[in-house]
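K.L.:
Sending over a structure as C-alpha cells; questions will come in a sec.
The values are calculated or read from the model by the stated rules, or taken from the named source; none is laboratory data. Only a predicted model underlies this, so the values are computations on that prediction, with no experimental measurement involved. Cβ coordinates were reconstructed from backbone atoms using ideal geometry, including for glycine residues, and neighbour counts include every protein chain displayed.
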Amino acid sequence: MEALKSWRSKQSGVTDVPQKIMKYDLVIVGGGIAGCAASIAAAEQGLKVALVHDRPVLGGNASGEIRVHTLGIYGKFERILKMLDTEHYPNGSAEALKEDQKRMTNIAKYKNIDAFLNFRAYHATTEKGKISSVDARHTSTGEMLRFEAPLFVDCTGDGWIGYWAGADYNYGREASSKYNEAWDAQGLLWSPETPDNFVMGSSVLWGSENAGKPVVFPEVPWAMDVAGTYAEKNGEWQWEFSQNDLSQIEDAETIRDHMFRAIYGSFCNYKHPSTQRKNSDQGVYGTFDNTIQQQKADSLQLKWVSYLLGKRESRRLVGDYLDQRQLDKYFSAYQKFEIPGYQELLKKNNLKKTNKRLE
Ligand SMILES: Cc1cc2nc3c(=O)[nH]c(=O)nc-3n(C[C@H](O)[C@H](O)[C@H](O)COP(=O)(O)OP(=O)(O)OC[C@H]3O[C@@H](n4cnc5c(N)ncnc54)[C@H](O)[C@@H]3O)c2cc1C
C-alpha cells in the first residue's frame, strides 16, 4: 500500500501534505449519528466545530445511502437526536432519503459548524501524545486540508483517528480473563478462553418491487457460489456477513462484494423458480413491501441495492478509562432499574421486555 502511494505521488507530482490549514476549537471526523450529535452538542456550548465526513450526505448507517433506521432510547439526548435520526420506516425503505434532508437542514442551522462533506481523513499527527492535526482529502477534487484543533472526536466507526494516532485498540473478542468479564450463563459464546476475530457482520440492504408487467432478470453465474439455492426478494437487517479470517476494515470491499453475490444470486433464484431452487419465503419484517408477498416473481424487479456496506462491529479504541462490564451484575441491574424512555419505547413498538438487542 505504501509503495503504491509513493508511486502514485511520484507519477502525479501530488504529495500527501496539505497546503491549507484550517483551525477549529473541535474537529469531529465521521458524520454518522454519533458525529452529527457530537457536533451539535459542541456547537451549543459555543465551540467552532469542523465536521469532516467522507460522504455527500450525513447519517452514516442511517443515511439514505445505507438506510438502517434508528430505533433506540433517546434518554437525555432526545432533543438533539430527534434532529438527526431516521424513523423506523423500516430498514431499506426509500423514506430514509427524506431524513438526509432533515439532518442537513438541522446541521446547517448551526453557524459555528462547518461541514466538510466528501472529505476523507487519511492521517493524524500527534505531539507529546496528543493529536494536533488531522489531514483529509476531497474524494473527487483531491483537495487536501489540514485540520488543527486542541480536541478531536473520532466518530469514523472504524476508530481511524485513534489508530493513526497510535492508540491501543481491540478487535473481535478478548479472552474473558483480560477484563475479568466471564459470564457463566452464556458460556464460551460471550466468554471465550482465547481471543479471536469474532465480530458481528456487515450488511447490504436491498429490496424489490412489482413492475406491473413481466421483467426479465438474467442468470448470474458469478453469484451462485454464494447464493446456492436460496431464493429471496427482499433483504433485511439479518443479511449480514462476517468471517473470522476477514477484517471488517481491511476486507470491507470483499465483504460488500460477497453480499452482492448473495443478493443478486438469491433474487435470480426467486425470479427463476425450479425444482432445484428452494423458495425460502422467510417473511418480510415490518411493513416494507408487504404487498410484494402477493405478487408473482415474473413481475418483480430490483428496486434498490445499497452500494455501501452498513457496518456493525469494528476496531474498539482503548481509552484512558475502560468501562468493564461484570455482566451478571450488569444485567441484574438492567432488570431492576428503569432506563429513561425504555417503557415508552416498548409501548410505542409493541415489544415485550427482553434482554435481547432491539433491531
Ligand atoms: C443492518 C444493520 C442493523 C443494525 N441494527 C442495530 C440495532 O438494532 N441496534 C444498534 O444499537 N445498532 C445497530 N446497528 C449498528 C448501528 O447502525 C451503528 O452502531 C451506528 O450506525 C453507529 O453510528 P456511528 O455514527 O458511530 O457510525 P456510522 O453510522 O458508521 O458513521 C460513521 C461515518 O464516518 C464516515 N467515515 C469513516 N471513516 C472516515 C474517514 N476516514 N474520514 C471521514 N469520514 C469517515 C463513514 O462514511 C460513516 O458514514 C445496525 C447496523 C446495521 C448495518
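K.L.:
If you check V57 against the conditions, is it among the aliphatic types (A, V, I, L, M), touching a residue at least 12 places away in the same chain (Cβ under 8 Å) and more than 30 Å from G207 (Cβ to Cβ)?
P.N.:
Criteria not met by V57.
K.L.:
To continue, here is another question. Working only within region 167-183, note down all residues that are in a loop (DSSP other than H, G, I, E, B) and either among the polar types (S, T, N, Q) or within 16 Å of the ligand (Cβ to nearest atom) (or both).
P.N.:
Those that are in a loop (DSSP other than H, G, I, E, B) and either among the polar types (S, T, N, Q) or within 16 Å of the ligand (Cβ to nearest atom) (or both): A167, Y171, S176, S177, N180.
K.L.:
Now for a separate question. Quick check on region 103-115: of everything there that is closer than 26 Å to T141 by Cα and in a helix (DSSP H, G or I), which residue is nearest to the chain's Cα centre (by Cα)?
P.N.:
R103
K.L.:
Filter region 103-136 down to residues that are out of contact with any strand residue (DSSP E or B) (no Cβ under 8 Å at 6 or more places or on another chain) and free of Cβ contacts under 8 Å to residues at least 24 places away in the same chain and give me whichever is nearest to A42 (Cα to Cα).
P.N.:
Once the filter is applied, the top-ranked residue is K111.
K.L.:
Taking region 60-78, which residues are at pLDDT below 95 and part of a helix (DSSP H, G or I)?
P.N.:
Selection gives G75, K76, F77, E78.
K.L.:
State which residue is farthest from S242 (Cα to Cα) when the search covers only region 263-305 and only residues that are modelled with pLDDT under 50 and among the aliphatic types (A, V, I, L, M).
P.N.:
Checked region 263-305; the qualifying residue farthest from S242 (Cα to Cα) is I292.
K.L.:
Which of the residues that make up region 241-257 are surrounded by fewer than 17 Cβ atoms within 10 Å (Cβ to Cβ) and within 12 Å of the ligand (Cβ to nearest atom)?
P.N.:
Scanning region 241-257 gives a single hit, I249.
Residues checked against (1) at pLDDT 95 or above; (2) away from the ligand (no atom under 14 Å from the Cβ); (3) among the aromatic types (F, W, Y):
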position: M1; (1), (2), (3): no, yes, no
position: L4; (1), (2), (3): no, yes, no
position: R8; (1), (2), (3): no, yes, no
position: C36; (1), (2), (3): yes, no, no
position: S39; (1), (2), (3): yes, no, no
position: A42; (1), (2), (3): yes, yes, no
position: L58; (1), (2), (3): yes, no, no
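K.L.:
Return a yes/no flag: does region 184-198 have any residue that is surrounded by 17 or more Cβ atoms within 10 Å (Cβ to Cβ), not assigned by TED's automatic domain parsing to the domain that holds D25 and not in a strand (DSSP E or B).
P.N.:
Checked region 184-198: at least one residue is surrounded by 17 or more Cβ atoms within 10 Å (Cβ to Cβ), not assigned by TED's automatic domain parsing to the domain that holds D25 and not in a strand (DSSP E or B).
K.L.:
I would also like to ask the following. Need pairs with beta-carbon distance below 7 Å; first residue closer than 23 Å to G310 by Cα and within region 155-176, second of a type in the set (S, T, N, Q) and away from the ligand (no atom under 16 Å from the Cβ); sequence gap 6+ or separate chains.
P.N.:
Y171/N197; G172/N197
K.L.:
Just checking, does region 73-83 include any residue being in contact (Cβ under 8 Å) with a residue 24 or more places away in the chain and under 25 Å from W239 (Cα atoms)?
P.N.:
Yes; the residues of region 73-83 include at least one that is in contact (Cβ under 8 Å) with a residue 24 or more places away in the chain and under 25 Å from W239 (Cα atoms).
K.L.:
What residue, among those in region 50-59 that are part of a loop (DSSP other than H, G, I, E, B) and not charged (D, E, K, R), is nearest to the chain's Cα centre (by Cα)?
P.N.:
Ranking the qualifying residues of region 50-59, first place goes to L58.
K.L.:
Please verify whether region 19-27 includes one or more residues that are within 13 Å of the ligand (Cβ to nearest atom), among the β-branched types (V, I, T) and in a strand (DSSP E or B).
P.N.:
There is at least one residue in region 19-27 that is within 13 Å of the ligand (Cβ to nearest atom), among the β-branched types (V, I, T) and in a strand (DSSP E or B).
K.L.:
Now for a separate question. Report yes if some residue within region 70-78 is touching an Asp or Glu at 6+ places or on another chain (Cβ under 7 Å), closer than 29 Å to S203 by Cβ and more than 9 Å from the ligand (Cβ to nearest atom); otherwise report no.
P.N.:
So far as region 70-78 goes, no, none of its residues is touching an Asp or Glu at 6+ places or on another chain (Cβ under 7 Å), closer than 29 Å to S203 by Cβ and more than 9 Å from the ligand (Cβ to nearest atom).
K.L.:
Next question, about the same structure. Can you name the residue in region 79-102 that is assigned to a loop (DSSP other than H, G, I, E, B) and in contact with a Lys or Arg (Cβ under 7 Å, 6 or more places away or on another chain) and is also nearest to the ligand (Cβ to nearest atom) among such residues?
P.N.:
N91
K.L.:
Sort out which residues of region 10-31 are surrounded by 13 or more Cβ atoms within 10 Å (Cβ to Cβ) and at pLDDT below 95, and write them in order of number.
P.N.:
Hits for region 10-31 are D16, P18.
K.L.:
Let me ask something additional. Which strands (runs of 3 or more DSSP E) does region 116-164 wholly contain that include 2 or more residues that are out of contact with any Asp or Glu (no Cβ under 9 Å at 6 or more places or on another chain), modelled with pLDDT of 95 or more and within 13 Å of the ligand (Cβ to nearest atom)?
P.N.:
Counting at least 2 such residues, we get 151-154.
K.L.:
A further question follows. Only one of these conditions is not met by L47: (1) farther than 26 Å from I131 by Cα; (2) away from the ligand (no atom under 13 Å from the Cβ); (3) in a loop (DSSP other than H, G, I, E, B). Which number is it?
P.N.:
In the conditions (1) farther than 26 Å from I131 by Cα; (2) away from the ligand (no atom under 13 Å from the Cβ); (3) in a loop (DSSP other than H, G, I, E, B), L47 misses (1) alone.
K.L.:
Take L308 and decide whether it is in contact with an Asp or Glu (Cβ under 6 Å, 6 or more places away or on another chain) and modelled with pLDDT of 95 or more.
P.N.:
Yes, satisfied.
K.L.:
Could you check how many residues of region 159-175 are in contact with a Ser or Thr (Cβ under 6 Å, 6 or more places away or on another chain) and surrounded by 17 or more Cβ atoms within 10 Å (Cβ to Cβ)?
P.N.:
Total satisfying the criteria: 1.
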